[in-house]
Amino acid sequence: MSLSLDKAMGISPQAVNVRAQRMELLASNIANADTPNYKARDIDFRAVLESAAGGGNSLPMARSQAAHLDPNAGAMNGQVEALYRTPSQASLDGNTVDPQMERAAFAENAVQYQSSLEFLNRRVSGIREALRGDR
Amino acid sequence: MSNLFSLFNTSASALSAQSVRLNTVASNLANANTAATNPDEAYRAKQVLFQSVMDQANPNGSSTAVRVAGVTESQAAPHAHYEPHHPQANEEGYIFRPAISVVEEMANMMSASRNYEANVEVMETSRQLLQRTLQIGQG
């Protein structure tokens, strides 16, 4: 049996990737907290992870011809679709950023990024241990 | 492919935009009492206009930086004060002071500095996370 590093790592690398992208989105929201007409964006982590794991209760669109739209076109280059936030308090200048909520989400995401990273790290040490064999 | 490095650009753009805003607040406050002989020469309050910038090289990317689209001058007419002994008074004894609300400027300054702090925090957190990412598999 050949060792597939991709399979051995599991879903952790994708999770870290999505966390990093969410971090970028949240940082953009914080940076644009005072920009008129800026719309805050975020991603639905659970839905993304389910689709990355190949599961979920979604019915993917089938493509029978090359001219059909590719539903995975965005996912192919590692990008996840960002959704717009529903503002809790609409602002007169068209900005939908709630700075407190964005900062909380950023802190939460930073911890989750660290935990995903830790899982990945443990996987790597596990594989190294297995490769080394007896000492 | 997203990367955490572009996050530094985003936050840095916000830092520089907010510092331009702080700068205009400072000059508005400094000139709140500057008198002029006629209304056209009076100082006018400056306001910055923020605009978000899409990353040209990566239009589908997640990061959206911010820039100062321009600095506009307030259209509010300067207030006339009757002070005939003021060295800058005109023939009728009036001087003109800019229509600057100090309270409004202070509120603007607080908003700018809070936002600046938030962005510094974002940069600090992402720096730590990047460092941890670089240490994967070393344990």
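The mean count of C-beta atoms from other chains within 10 Å of the C-beta of residues in A:14-26, rounded to a whole number, is 5.
The gain in end-to-end length when the B:Asn33 to B:Tyr82 segment is fully stretched comes to 16.2 nm, 0.36 nm per residue minus the alpha carbon separation. Amide H contacts of A:Ala40: A:Arg85, A:Thr96, A:Val97, each under 5 Å away and 5 or more positions distant or on a separate chain (H built 1.01 Å from N in the peptide plane; Pro and chain starts excluded). What whole number of Å gives the distance from the Cα centroid of segment B:1-40 to the Cα centroid of segment B:90-139? Cα centroid of segment B:90-139 versus Cα centroid of segment B:1-40: 8 Å apart. Going toward the positive end of the dipole of segment B:24-134, with +1 on Lys and Arg Cβ and -1 on Asp and Glu Cβ, which of B:Ala42, B:Ser62, B:Asn90 do you reach last? So the residue furthest toward the plus end is B:Ser62.
About its Cα centre, the dipole of segment B:24-134 is roughly 580 debye, where the only charges are +1 on Lys and Arg Cβ and -1 on Asp and Glu Cβ.
Applying the Karplus relation 6.51 cos²θ - 1.76 cosθ + 1.60 with θ = phi - 60° to segment B:7-18 yields 3J(HN,Hα) values of 5, 5, 4, 4, 5, 5, 5, 5, 4, 6, 5, 5 Hz, where x marks Gly and Pro. In order along segment B:100-109, the phi-based Karplus estimate (6.51 cos²θ - 1.76 cosθ + 1.60, θ = phi - 60°) of 3J(HN,Hα) comes to 10, 8, 4, 4, 4, 5, 5, 4, 4, 5 Hz; Gly and Pro are listed as x.
Springs join every pair of Cα atoms under 10 Å in this Gaussian network model of chain A, and among A:Pro99, A:Pro36, A:Pro13 the largest mean-square fluctuation is at A:Pro36. Projecting the Cα positions of B:Ala80, B:Met123, B:Asn28 onto the charge dipole of segment B:24-134 (unit charges on Cβ atoms of Lys, Arg, Asp and Glu, taken about the Cα centre) puts B:Met123 furthest along the positive direction. Rounded to the nearest 20, the size of the Cβ-charge dipole of chain A about its Cα centre is 500 debye, with Lys and Arg at +1 and Asp and Glu at -1. Here r is the Cβ-Cβ distance between A:Ala107 and B:Ser113 and R0 is 25 Å; the resulting FRET efficiency, rounded to 0.05, is 0.80. Partner shielding of B:31-39 amounts to 0, given as the average count of beta-carbon atoms from other chains within 10 Å of each residue beta-carbon. When A:Lys7, B:Lys46 are sorted by how many other C-beta atoms sit within 10 angstrom of their C-beta, beginning with the fewest, the order is A:Lys7, B:Lys46.
Taking the Cα centre of the protein assembly as shown as origin and assigning +1 to Lys and Arg Cβ atoms and -1 to Asp and Glu Cβ atoms, the resulting dipole is close to 1380 debye. The 3J(HN,Hα) values that the Karplus relation (6.51, -1.76, 1.60; θ = phi - 60°) gives for segment A:35-49 are, in residue order, 8, x, 6, 7, 10, 5, 10, 7, 10, 8, 4, 4, 4, 5, 5 Hz. Gly and Pro appear as x.
Read the figures in this text as sums done on the coordinates, not as results from a lab. None of the values given here were measured: they were computed from a predicted structure. When we count neighbours, we look across all protein chains shown, and the Cβ atoms used for this are built from the backbone with ideal geometry, even at glycine.
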